[in-house]
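The values are calculated or read from the model by the stated rules, or taken from the named source; none is laboratory data. Because the structure is a prediction, the values reported are computed rather than measured. Note: ideal-geometry Cβ built from the backbone for every residue, glycine included; neighbour counts use all protein chains shown.
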Amino acid sequence: MFDPFLKELHAGIESRGGRLATVPEGLEQKRSDKQNSEIRSWLWDVPGFRRWRVTRLDAGDSLQVLNSVAYPAETFDHPLLGIDLLWFGARQKLVAVLDFQPLSQDPSYFERHYSGLKNLHAQFPDLSGEETMRSFDPNQYFSPWLLFCRGGADQAQSSLPKAFTPFLAAYWQLHDQAAQAKSPMTSEDVINLQKAYDVYSAERDPAHGLFTSHYGKEWSDRFLHEFLFPASQSA
Ligand code: BLA
């Protein structure tokens, strides 16, 4: 379902000089025979970024997932790229979340970094519903202009493909702009806020139960703390 997006994301990363890095052993790929599903992950070293991870889960008609987070280098205070796309084929249900995940909720931070996402939010009302968050706090590490949709085949097949390319383009543009300007946050602040994102996300991530049911508790705990949110390990 999301393979064209995965391809596009990886092509964009490669065109920016991204190189594959090593995923901790045993976490690169895992199959569940019981659930007939496979999860596969990639880690990228990308100039201007501290860490960029990508995960694809293929459980056929029951579930398809594309998930990715990009952590900018500590010299940049701009938002993380956050992508979480889920397609429950049997129920024809889409959960799509695309955001520039802010390190601060300060109006001046939004002023600096969100003109691109604001435009997309206005351009794709179909993906910009006022969905309620059940596990996350919308005022922590999410922006007011996130694209967040609980929808169906229409959104999955028409709106999302139209929005995905400009969404990535807007993020690269944001990154390029940030590279021209001096970051008002110190590197230490940026690192601490990115680490707090990991700790917070590891606590709230609604995917843990899903991973456990597919791949067992031991593997899922490792995947969560060593790959998805590595700074949550020391917490
Ligand atoms: C929701 N994300 C979910 C849900 C699942 C996942 C199972 C609940 C579905 C539902 O609400 O109906 C799945 N999350 C995953 C998977 C991974 C993961 C498979 O981390 C890892 C491979 N989630 C993110 C990122 C964002 C994000 C980067 O991982 C930001 C764009 C957002 N996911 C997000 C939000 C929800 C969600 C906002 C709704 C949660 C809520 O209601 O509070």
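Condition check ((1) among the aliphatic types (A, V, I, L, M); (2) within 11 Å of the ligand (Cβ to nearest atom); (3) surrounded by fewer than 16 Cβ atoms within 10 Å (Cβ to Cβ); (4) not in a helix (DSSP H, G or I)) across all residues:
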| position | (1), (2), (3), (4) |
| --- | --- |
| L98 | yes, yes, no, yes |
| Q105 | no, no, yes, yes |
| W145 | no, no, no, yes |
| F164 | no, no, no, no |
| L174 | yes, no, no, no |
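For (1) among the acidic types (D, E); (2) touching a residue at least 40 places away in the same chain (Cβ under 8 Å); (3) in a strand (DSSP E or B); (4) within 12 Å of the ligand (Cβ to nearest atom), each residue gets a yes or a no:
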site: E25; (1), (2), (3), (4): yes, no, no, no
site: R31; (1), (2), (3), (4): no, no, yes, no
site: S41; (1), (2), (3), (4): no, yes, yes, yes
site: R56; (1), (2), (3), (4): no, yes, yes, yes
site: Q64; (1), (2), (3), (4): no, yes, yes, yes
site: D77; (1), (2), (3), (4): yes, yes, no, no
site: L81; (1), (2), (3), (4): no, yes, yes, yes
site: L85; (1), (2), (3), (4): no, yes, yes, yes
Looking at (1) within 15 Å of the ligand (Cβ to nearest atom); (2) over 27 Å from M1 (Cβ atoms); (3) not hydrophobic (A, V, I, L, M, F, W, C), which is the only condition D189 fails?
(1)
Could you pull out the residue among P161, P138, P184, P206 that is more than 16 Å from the chain's Cα centre (by Cα) and modelled with pLDDT under 95?
P184
Counting only residues in segment 66-75 that are touching a helix residue (DSSP H, G or I) at 6+ places or on another chain (Cβ under 7 Å) and assigned to a loop (DSSP other than H, G, I, E, B), the one surrounded by the most Cβ atoms within 10 Å (Cβ to Cβ) is identified as E74
Please go through segment 33-49 and give me each residue that is touching a helix residue (DSSP H, G or I) at 6+ places or on another chain (Cβ under 9 Å) and either closer than 26 Å to W172 by Cα or at pLDDT below 95 (or both), ordered by number.
K34, Q35, S41, W42, L43, W44, V46, G48, F49
S115, sole failed condition from (1) of a type in the set (S, T, N, Q); (2) out of contact with any helix residue (DSSP H, G or I) (no Cβ under 7 Å at 6 or more places or on another chain); (3) within 11 Å of the ligand (Cβ to nearest atom)
(3)
